[in-house]
Amino acid sequence: MADMSSLFPILKSPLAPPPSPASQHPRPAWLRVKYFGGPNYQELKRIMRSLDLHTVCESARCPNQGECWNHRTATFMILGDICTRACGFCAVTSGRPASAPDQAEPERVAQAVEQMQLRYAVVTSVNRDDEADGGSAMFARTIAAIRQRVPDCKVEVLIPDFRGDWRALGTVVAAAPDVLNHNVETVPRLYRHVRPGAIYQRSLELLRRARRLAPGMPVKTGMMLGLGETRDEVLRAMAELAEQGTDIFTLGQYLQPTRAHLPVIRYVHPDEFAEYKMLGERVGLRHVEAGPLVRSSYHAFEQEQSATA
Ligand code: SF4
């Protein structure tokens, strides 16, 4: 159970938008997801538990878990399950990790990729601001371990901002992931409220540097809607992200994981998502995946195919 006590100052902040009626009403029909736990779902659960691995699918209470796991897709969460930051939207437990990263974890992730017969693996992590390299070496080792065991499997990494430690970014890029993803999560005006430990310009710089370090590697980012952003702010952010050389952009509806998290200000209609996709691709983003249930790893394989076609 997440320790959400550190979130309350955020929720009481004068910067916080007014309580939303959206959170207090049933979700619209387009957000109701059928739960289906078929044989693949059970098999993935067994593999994850037997190898003592964490997934962001479970930790972030992703609404797509039934669909993705049945299609044998999951997002591994390395470096433990305690995050050193406390973003107001995120269901991952925050606090100070009790132990150093588990050095055997990269090999166990590779074993799981092999057992799951994945062709495309997504690896993310909690923030480890307590580690000198932010956990970047473990990302690099995980990529290498997967490549060693399953050479045909593509690897996408969804990395933190490493607090602007560009050597750490270089460590990950040098391991040559097939896609490098770093989510901006929201528009700059809402950062203090939604991502108090992060800086929008720093995330933009990370994306710009990643593009320069590896010109042939798809660079990806994503954002949630429904936290109080305006249409103009989203359009401006998409143009800025395209300017950094971002290839793939994901846009999905923010859903409040528990009542202690930030409220949903608005449920965005699927037609609006379709319009953002069209406008994002018009300003130069090569592939925009937009829709109420889109998450950064949702259909990640297809996004990579589309961006590199
Ligand atoms: S969308 Fe991503 S986080 Fe959600 S279940 Fe699918 S793979 Fe996991």
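Where a number appears in this text, it was derived from the coordinates with a stated rule and is not lab data. Worth saying up front: this structure is predicted, and the values here are computed from it rather than measured. Here Cβ is always computed from backbone atoms with ideal geometry, including for glycine, and neighbour counts include all displayed protein chains.
Applying 1/(1 + (r/R0)^6) with r as the Cβ-Cβ distance of Arg236 and Arg27 and R0 = 25 angstrom yields a FRET efficiency of 0.30. Summed over all non-identical Cα pairs, the Kirkwood treatment of the chain gives a radius of 19.6 Å. Across the chain, the mean sequence separation of Cα contacts (distance under 8 Å, 6 or more residues apart), normalised by length, yields a relative contact order of 17 percent. Close lysine pairs were tallied over the chain: pairs 8 or more places apart or on different chains with Cα atoms under 28 Å apart number 7.
Can you work out the FRET efficiency for the pair Val283 and Gln148, with r the C-beta to C-beta distance and R0 = 35 Å, to the nearest 0.05? The computed FRET efficiency comes out at 0.35.
Its DSSP H runs of at least 4 residues, each contributing -39,500 (n - 2.57), put the calculated 222 nm mean residue ellipticity of the chain at -11000 deg cm²/dmol, to the nearest 500. Note that the stretch 93-100 has calculated 3J(HN,Hα) couplings of 4, 10, x, 9, x, 7, 9, 5 Hz, one per residue in order, obtained from phi through the Karplus relation 6.51 cos²θ - 1.76 cosθ + 1.60 (θ = phi - 60°); glycine and proline are x.
Rounded to whole Å, the principal axis extents of the Cα atoms in the stretch 121-279 read 45, 34, 27, largest first. The average projected area of the stretch 163-217, computed from the convex hull of its Cα atoms over all directions, is 3.7 nm².
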